[in-house]
Amino acid sequence: MGKARRLVAISDLHVRYDDNRRIVEGLRPASDDDWLVVAGDVGELTTDIEWALTLLAERFAKVIWVPGNHELWTPPDDPVRLTGEARYAYLVELCRRLGVVTPEDPYPVWEGEGGPAVIAPLFLLYDYSFRPAGTRTKAEALAVAEAAGVVCTDEFMIHPDPHPSLDAWCRARLAATEARLTAELPEGLPSVLVNHWPIVREPTRILRFPEFALWCGTEASADWPRRFRAASVVYGHLHIPREIRVDGILHQEVSLGYPREWQPRSTEPGRLVPILPAAVAGR
Ligand SMILES: [Fe+2]
Ligand SMILES: [Fe+2]
């Protein structure tokens, strides 16, 4: 004890890679009361996801998880053959067994330094609305991306059932989440919005392949940071760790990423990004 408690975050652990698994084995809280946000892409295999979340739940006072696209894949070597919503439900049940907070649970309130603030884990998906310039529909956008040689593996690995498409699933998630945030965020408290994909388009502007933005979020949540009083928006998925302000609000990309991405960097891999109290203090 003695150290101030912190809310820290990381995402895109991708523990299928041994080098990343070793980094996860080294993740530890700085105080007994630290909370950890895990913003998706722990891995694809249910056994890997269970391994990582079990280890982290034993170490941190509270772990808050949101699914990434990789958790929604049904890889050929996974003994769990569930797809779509059933796969997500399986992972939510797994988290509940481990005491890990999911987007289906009541929003926890951070009462440590920088608080109180409501932590809202979100699962919003994407709806192909981050379209290349000059395209007006999902079909046009996908055709342009395909012509540029950019197609996300999700197209082959995620089955959105019972929804007819991933964008339909996204619309259902948006409607349910917007209703919950409106009803359940306590009046007057700031929030920390956590979603695997960025919830505004701005962070995708620096993608090396701009067409990839199609698989990175939805325009429908563009006004959520302000509407829902975000002190910080925590996301991953892009594997471009940084923080930016959009409309005055802090957006923190907290990914570890693949070994080939973090190995060339001079910074220590697996840094836990401070969210609170730092986000509220302003930097
Ligand atoms: Fe990732
Ligand atoms: Fe991702």
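All of the numbers you see were taken from the coordinates with simple rules; none came from a lab. The structure displayed is predicted, hence computed values, not measured ones. Counting neighbours? That spans all protein chains shown, and the Cβs are built from the backbone with ideal geometry, glycine included.
Just the residues that are assigned to a strand (DSSP E or B) and within 16 Å of the chain's Cα centre (by Cα), please, taken from segment 106-131.
Selection gives Ile119, Ala120, Pro121.
I want to confirm something. Restricting to segment 244-262 and keeping residues that are touching a residue at least 12 places away in the same chain (Cβ under 8 Å) and more than 13 Å from ligand 2 (Cβ to nearest atom), which single residue is farthest from Leu193 (Cα to Cα)?
So the residue we want is Pro259.
Consider Glu93 carefully, then state whether it is more than 19 Å from the chain's Cα centre (by Cα) and not aliphatic (A, V, I, L, M).
Taking the combined requirement at face value, the residue does not satisfy it.
Could you give every pair whose Cβ atoms fall below 9 Å, whose first residue belongs to segment 3-31 and is free of Cβ contacts under 8 Å to residues at least 60 places away in the same chain, and whose second residue is among the polar types (S, T, N, Q), counting only separations of at least 6 or pairs across chains?
That search, which allows pairs on different chains as well, returns Lys3/Ser31.
Checking the condition touching a residue at least 24 places away in the same chain (Cβ under 8 Å), loosely packed, with under 15 Cβ neighbours inside 10 Å and part of a loop (DSSP other than H, G, I, E, B), which residue from Pro162, Pro103 passes?
After applying the criteria, what remains is Pro162.
I'd like to check which strands (runs of 3 or more DSSP E) are fully inside segment 1-96 and have at least 1 residues that are away from ligand 2 (no atom under 16 Å from the Cβ) and among the β-branched types (Val, Ile, Thr).
Once the strands (runs of 3 or more DSSP E) in segment 1-96 are filtered for at least 1 residues that are away from ligand 2 (no atom under 16 Å from the Cβ) and among the β-branched types (Val, Ile, Thr), what remains is 7-10, 62-65.
For Ala168, only one of the following conditions fails: (1) closer than 13 Å to Tyr126 by Cβ; (2) surrounded by 23 or more Cβ atoms within 10 Å (Cβ to Cβ). What is its number?
So the condition that Ala168 fails would be (2).
Quick check on segment 168-180. Is at least one of its residues under 21 Å from Glu71 (Cβ atoms), within 16 Å of ligand 2 (Cβ to nearest atom) and touching a helix residue (DSSP H, G or I) at 6+ places or on another chain (Cβ under 7 Å)?
no
Mind checking which residues of segment 11-41 are among the β-branched types (Val, Ile, Thr) and in contact with a strand residue (DSSP E or B) (Cβ under 8 Å, 6 or more places away or on another chain)?
Hits for segment 11-41 are Val37, Val38.
Go through (1) within 16 Å of ligand 1 (Cβ to nearest atom); (2) over 18 Å from Asn69 (Cα atoms); (3) not acidic (Asp, Glu) for Leu272 and report which single condition fails.
(1)
Does segment 106-143 hold any residues that are more than 29 Å from Val192 (Cβ to Cβ), surrounded by fewer than 17 Cβ atoms within 10 Å (Cβ to Cβ) and of a type in the set (Val, Ile, Thr), and which are they?
Thr137
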